[in-house]
1. Quick check on my filter: what residues within the stretch 10-28 are part of a helix (DSSP H, G or I) and either away from the ligand (no atom under 14 Å from the Cβ) or β-branched (Val, Ile, Thr) (or both)?
2. Against the condition in contact (Cβ under 8 Å) with a residue 24 or more places away in the chain, among the polar types (S, T, N, Q) and outside any helix (DSSP H, G or I), how does Thr100 come out, does it pass?
3. Has the stretch 212-219 got any residue that is over 16 Å from the mean Cα position of the chain (by Cα) and either within 13 Å of Leu124 (Cα to Cα) or more than 10 Å from the ligand (Cβ to nearest atom) (or both)?
4. Hey, among Ile63, Ile31, which residue is in contact with a Phe, Trp or Tyr (Cβ under 9 Å, 6 or more places away or on another chain) and not in a loop (DSSP other than H, G, I, E, B)?
5. Just name the residue that is surrounded by the fewest Cβ atoms within 10 Å (Cβ to Cβ) out of those in the stretch 125-152 that are over 20 Å from the mean Cα position of the chain (by Cα) and part of a loop (DSSP other than H, G, I, E, B).
6. Of these, Ser182, Ser194, which one is closer than 21 Å to Ile31 by Cα, part of a loop (DSSP other than H, G, I, E, B) and more than 16 Å from the ligand (Cβ to nearest atom)?
7. If Ile11 passes every condition in (1) surrounded by fewer than 18 Cβ atoms within 10 Å (Cβ to Cβ); (2) closer than 20 Å to Ser199 by Cα but one, which one does it miss?
Amino acid sequence: MNNIDINIQTINKKIKEFLKKKNNPLKKITIIAVSKNQNIDKIKLAISSGINEFGENYVQEGINKIQKLKKHNNLIWHFIGKVQSNKTKLIAKNFDWCQTIDREKIAILLNKYRKKNLFPMNVLMQINISNETNKNGVCIKNYKKLAKIISLMPNLNFRGIMIMPSTKKEIIKKYDNYKKGSIIFHELKKKYQSIDTLSLGTSFDIEQSLLFQSNMIRIGRSIFKNKMI
Ligand SMILES: *Cc1c(COP(=O)(O)O)cnc(C)c1O
């Protein structure tokens, strides 16, 4: 067994035990392996360990990998970086998901460039839940309007919201943000039928995010690092 195998087994075990403890063993949690800065060989190891969804932050780096791994036809690619409007065409053409819609213009352009012969692009709205000025995402006071716009785009499938954990150290603030995210998710889910995804956790907060009903977690370092967790 290689390190990536061990890391993935450890994460799967953590999730399984958490769900069992919460009496919810059947809930499905999707793991996105964040493969930014990782080479093809490492991604292939993750594929052999059972991962088939990957997240990339940089458009060209992601597309190179998508093309090199084309023969694995069950892979699902998520764009999770900041979206620049001049990259929307490449994102719409190459990725299956975009998790980082943060403004109207991006929704309109992704919709425009998504080819009609592909399935509608799965998208998440990124919310800057903690209102930190250095963070990406639509701010709390504008998310309802943006949600409405995304939901009206025929070539986009509005699946839910994405949140980056707060950089604040105090655990109480982190919990407060998760809680807000979870409330917004449930509120939007009531309004828009297509919504089923809360993308919340990363390497350092898997259990906390699950506690707040995240069902998609984005894990980079804990999968690809060489040392055991
Ligand atoms: C890099 C990144 C992650 C993964 O972070 P790790 O700490 O490596 O697990 C998750 N989400 C986004 C949006 C990222 O850019």
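No value in this document is a laboratory result; all are computed from the given coordinates. In this text, all values refer to a predicted model and were calculated from it rather than measured experimentally. Here Cβ is always computed from backbone atoms with ideal geometry, including for glycine, and neighbour counts include all displayed protein chains.
1. Across the stretch 10-28, the qualifying residues are Thr10, Ile11, Asn12, Lys13, Ile15, Lys16, Glu17, Phe18, Leu19, Lys20, Lys21.
2. On the way: in contact (Cβ under 8 Å) with a residue 24 or more places away in the chain: yes; among the polar types (S, T, N, Q): yes; outside any helix (DSSP H, G or I): yes.
Yes: the conditions hold for Thr100.
3. Looking only at the stretch 212-219, we keep the residues that are over 16 Å from the mean Cα position of the chain (by Cα), and these are none.
No; the residues of the stretch 212-219 include none that is over 16 Å from the mean Cα position of the chain (by Cα) and either within 13 Å of Leu124 (Cα to Cα) or more than 10 Å from the ligand (Cβ to nearest atom) (or both).
4. Only one candidate passes the filter, namely Ile63.
5. Selected residue: Thr133.
6. The match here is Ser194.
7. The failed condition is (1).
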